[in-house]
Amino acid sequence: MEALIALLPGDGIGPDVTNSAREVLDAVARKFDHKFHFDEQLIGGIAIDQTGDPLPAATIDCCNSADAVFLGAVGGPKWSDPNATVRPEQGLLKLRATLNVFANLRPVKIYPELVGASPLRPEILAGVDLIVVRELTGGIYFGKKSRDADSASDLCVYTVAEIERIVRMAAKLAGERRGRLCSVDKANVLETSRLWRDVTNRLMRDEFSAIELETLLVDAAAMHLLSRPSDFDVIVTENMFGDILTDEASMLTGSLGMLPSASLGDSSKGLYEPIHGSAPDIAGLGIANPCAAIASAALLLRHSLGLEREAVAVEKAIERAITNGARTADIVARGESQISTSEMTAEIIGGLG
Ligand code: NAD
């Protein structure tokens, strides 16, 4: 197949890991006989420096015409003045809104060789393989806000249509995996959660009766995620609960450098990025872990280009590299030798077969 991929390297380690993802996609194209075209554009701090705008019009045009968008990371101390009116993250938020990506998918998978990097006991982590599907464009983060001298308010609104589309996406995903969906809400207190639960129960009964549905209150979910993480398959939840639970879930692995994400909407076009930031403390050193970015490229192959076989090949190549002992600085244990970003990338490309 032929596809156009917008590449937005951004700031800090963003360009290093984006380059790794591109090299892997190039290797996939060679091996499986596809043609991937890349169009590299500015976003974030570097875009502010060069154009004054964290998401220049040329970047938006490129993303609109591409089949998929890959992002490295944005931000860094140079642009972190809280009083600045133009900030790197504005570029990312605007890009998500422009692409209308309402679902954020974060797979969390434990590599047996890396259990030592997690703060949890190995026996709790055995077999963890879950995805959190977070609603990304509604709820309290987007409701009307107000403030006066002694009070403030943030309105939380969800419509039936917003709940249906995210639950439907999560249920389909569960159908392609182990067939289990856990919906997280706070229906004992919040009206939006009661609507969420009603809509979810109806939709699952009418359209996905083969999927096993579990419903948890968010406080209980936070606990169960640490006490029995391997029981979960797909977790679906609203924006703010998802924000918190995805960060909690990411700590199961103990390393930000391993975890990918995909933001999807109604069309096949998606936004793919590692969950980590621009890591200014290691920028320019060539030691960033490219696995999260490369795993995000695998999600791009699967969700935007429909290339499941190729996506699995990349995921297996990452697993193989880890099994063979390839370790960047963030995941190296005492006594193991450490390799660079480019060496880890080459190791993964070598494992594609
Ligand atoms: P961070 O994820 O950039 O870094 C946290 C720690 O993890 C650092 O010690 C870093 O060295 C390490 N780390 C992160 N990714 C790594 C990798 N691939 N390999 C090895 N080590 C890695 O988070 P932060 O320090 O809180 O934020 C730094 C900047 O990134 C800030 O400006 C923040 O706003 C921005 N940020 C951007 C995004 C994004 O672009 N989506 C997400 C989070 C943070």
Handout entry: Looking only at the range 307-324, and only at residues there that are free of Cβ contacts under 8 Å to residues at least 40 places away in the same chain and exposed (fewer than 14 other Cβ atoms within 10 Å of the Cβ), the one that is nearest to the ligand (Cβ to nearest atom)
Key = ASN324
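Conditions (1) among the hydrophobic types (A, V, I, L, M, F, W, C); (2) buried (at least 17 other Cβ atoms within 10 Å of the Cβ); (3) touching a residue at least 24 places away in the same chain (Cβ under 8 Å), marked per residue:
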{"position": "PRO119", "(1), (2), (3)": "no, no, yes"}
{"position": "GLU123", "(1), (2), (3)": "no, no, no"}
{"position": "VAL128", "(1), (2), (3)": "yes, yes, yes"}
{"position": "GLY143", "(1), (2), (3)": "no, no, no"}
{"position": "LEU155", "(1), (2), (3)": "yes, no, no"}
{"position": "ALA161", "(1), (2), (3)": "yes, no, no"}
{"position": "GLU164", "(1), (2), (3)": "no, no, yes"}
Problem - Only one of PRO260, PRO229 that is over 30 Å from LEU155 (Cβ atoms) and in contact with a Phe, Trp or Tyr (Cβ under 8 Å, 6 or more places away or on another chain) - result: PRO260
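Residue-by-condition table, conditions (1) in contact with a strand residue (DSSP E or B) (Cβ under 8 Å, 6 or more places away or on another chain); (2) under 30 Å from THR323 (Cβ atoms); (3) of a type in the set (Gly, Ala, Ser):
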| residue | (1), (2), (3) |
| --- | --- |
| ALA126 | no, yes, yes |
| THR137 | no, no, no |
| ARG147 | yes, no, no |
| SER151 | no, no, yes |
| ALA161 | no, no, yes |
| MET169 | yes, no, no |
| LEU181 | yes, no, no |
| MET223 | no, no, no |
| PRO229 | yes, yes, no |
Completion exercise
Those residues of the range 258-288 that are touching a His at 6+ places or on another chain (Cβ under 9 Å) and within 7 Å of the ligand (Cβ to nearest atom) come to a total of 1
Practice task
Starting from the range 248-263, take each residue that is more than 12 Å from SER118 (Cα to Cα) and list its partners that are part of a helix (DSSP H, G or I) and acidic (Asp, Glu), counting only C-beta distances under 7 angstrom and pairs at least six apart or across chains.
Solution key: GLY257/ASP330
Practice task
Please work out if PRO260 is farther than 15 Å from ASP67 by Cβ, over 12 Å from the mean Cα position of the chain (by Cα), buried (at least 24 other Cβ atoms within 10 Å of the Cβ) and not acidic (Asp, Glu).
Solution key: no
Handout entry: Complete set of residues in the range 101-114 that are more than 13 Å from the chain's Cα centre (by Cα) and either closer than 13 Å to GLU135 by Cβ or of a type in the set (Asp, Glu) (or both)
Key = GLU113
Handout entry: Hey, ARG320 part of a helix (DSSP H, G or I) and over 16 Å from the mean Cα position of the chain (by Cα) or not
Key = yes
Practice task
Looking only at the range 261-271, decide whether some residue is modelled with pLDDT of 90 or more, farther than 15 Å from PHE102 by Cα and touching a Ser or Thr at 6+ places or on another chain (Cβ under 9 Å).
Solution key: no
Practice task
Give me a count of the residues in the range 87-111 that are assigned to a loop (DSSP other than H, G, I, E, B) and away from the ligand (no atom under 14 Å from the Cβ).
Solution key: 4
Problem - Test set (1) more than 15 Å from the ligand (Cβ to nearest atom); (2) at pLDDT below 95 - THR253 fails condition number - result: (1)
Practice task
Please indicate, with yes or no, whether at least one residue in the range 332-352 is crowded, with 20+ Cβ neighbours inside 10 Å, in a helix (DSSP H, G or I) and within 11 Å of the ligand (Cβ to nearest atom).
Solution key: yes
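Where in the range 1-75 are the strands (runs of 3 or more DSSP E), entirely inside, with at least 2 residues that are within 16 Å of the ligand (Cβ to nearest atom) and either farther than 19 Å from ARG309 by Cα or touching a strand residue (DSSP E or B) at 6+ places or on another chain (Cβ under 7 Å) (or both)?
Correct list: 2-10, 68-73.
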Practice task
Report yes if ASP185 is out of contact with any Asp or Glu (no Cβ under 8 Å at 6 or more places or on another chain), charged (D, E, K, R) and within 21 Å of LEU136 (Cβ to Cβ), otherwise no.
Solution key: no
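The values are calculated or read from the model by the stated rules, or taken from the named source; none is laboratory data. Note that the coordinates shown come from a computational prediction; the quantities given were computed from them, not determined experimentally. Ideal geometry is used to build each Cβ from the backbone, glycine not excepted, and the neighbour counts take in all protein chains shown.
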